[in-house]
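Values quoted throughout were computed directly from the atomic coordinates according to the rules given, and no laboratory measurement underlies them. What you see is a predicted model, and the numbers here were worked out from it, not measured in a lab. Ideal geometry is used to build each Cβ from the backbone, glycine not excepted, and the neighbour counts take in all protein chains shown.
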Amino acid sequence: MRIVRLLSGIALICAVSALAPSLQRASAHPPAIVSEAQRKLISEEVAAFRRDVAAAIKAKDAKRLQRMYAPSFVHTHTSGKVDGKDARIATLLKGDPVIETAPVSDLVIRIPNDWVGIATGVSPIKSDDGKTYDVRWTAVYTREGQSWNVAASHATRLGETKR
């Protein structure tokens, strides 16, 4: 009888051990199932957050921008130069032409789940050479609790703006 209980205990431990990795993966970040109505609401949240970022830039509110940009934020310029959070915020506060405040066409906000938003668009950006170029950009936003952060952005220069 003791042997049967011992073997049953070992079998139970083996079964739980075999399931543990899959249970751990499932609880680490369960996939969010987002309805179309939820996608629309989250997309509107991201659009509102983008407007808040532009307002903070216009107000030159460094403290607010520090909260809005993720600690690991990275931006890739059209030149290929890469900036971290502090360098990007310094650029924003200088008043340089940036994708965050430029007019945008072809704006699309994609919502793959309830904690990530991906915005893409095309904006005219005045370059150091005095010419204005269309820039296709991508910005990734992540939800931290109930607020959004800018996690990353990337810009690609297309061609001189013909407007």
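Please identify which residues in region 104-133 have an amide N closer than 17 Å to a label point set 7 Å out from the Cα of Q38, following the Cα→Cβ vector.
Only 110-118 fall inside the zone, counting backbone N under 17 Å.
Which ordering of W115, W148 is given by a fewest-first count of other beta-carbon atoms within 10 Å? Please list the in-between numbers first.
Details: W115 16, W148 23.
Lowest to highest Cβ neighbour count: W115, W148.
Stretched out fully, how many nm does the piece from R67 to R51 gain, at 0.36 nm a residue minus the Cα gap? Don't skip to the end; give the middle numbers.
Numbers: separation 16, 0.36 × 16 = 5.76 nm, distance 1.49 nm.
Computed gain between R67 and R51 is 4.3 nm.
Quote the charge dipole size of region 36-160 about the Cα centre in Debye, to the nearest 20; the model charges only the Cβ of Lys and Arg (+1) and of Asp and Glu (-1). Show your work: numbers first, answer last.
Details: 19 positive and 16 negative charges, 48 e Å.
In total the dipole reaches around 220 debye.
What FRET efficiency comes out for the pair K94/V74, r = Cβ-Cβ distance, R0 = 22 Å, nearest 0.05? Don't jump to the answer; show the numbers that get you there.
Details: r = 19 Å, r/R0 = 0.85.
The formula returns an efficiency of 0.75 here.
What is the sum of charges, Lys and Arg at +1 and Asp and Glu at -1, for the other residues whose Cβ falls under 13 Å from the Cβ of I118? Each step should come with its number before you reach the end.
Details: positive: R39, R50, R110, R143; negative: none.
Once positives and negatives cancel, what remains is +4.
What's the long-distance tail for region 36-160, i.e. % of Cα pairs beyond 25 Å? Intermediate results must be reported in sequence, preceding the final value.
Values: 1511 of 7750 pairs.
Tail of P(r) above 25 Å: 19 percent of Cα pairs.
In nm, to one decimal, how far is the modelled label at V82 from the one at K162, with both set 7 Å along Cα→Cβ?
Reported label-point gap for V82 and K162 is 3.5 nm.
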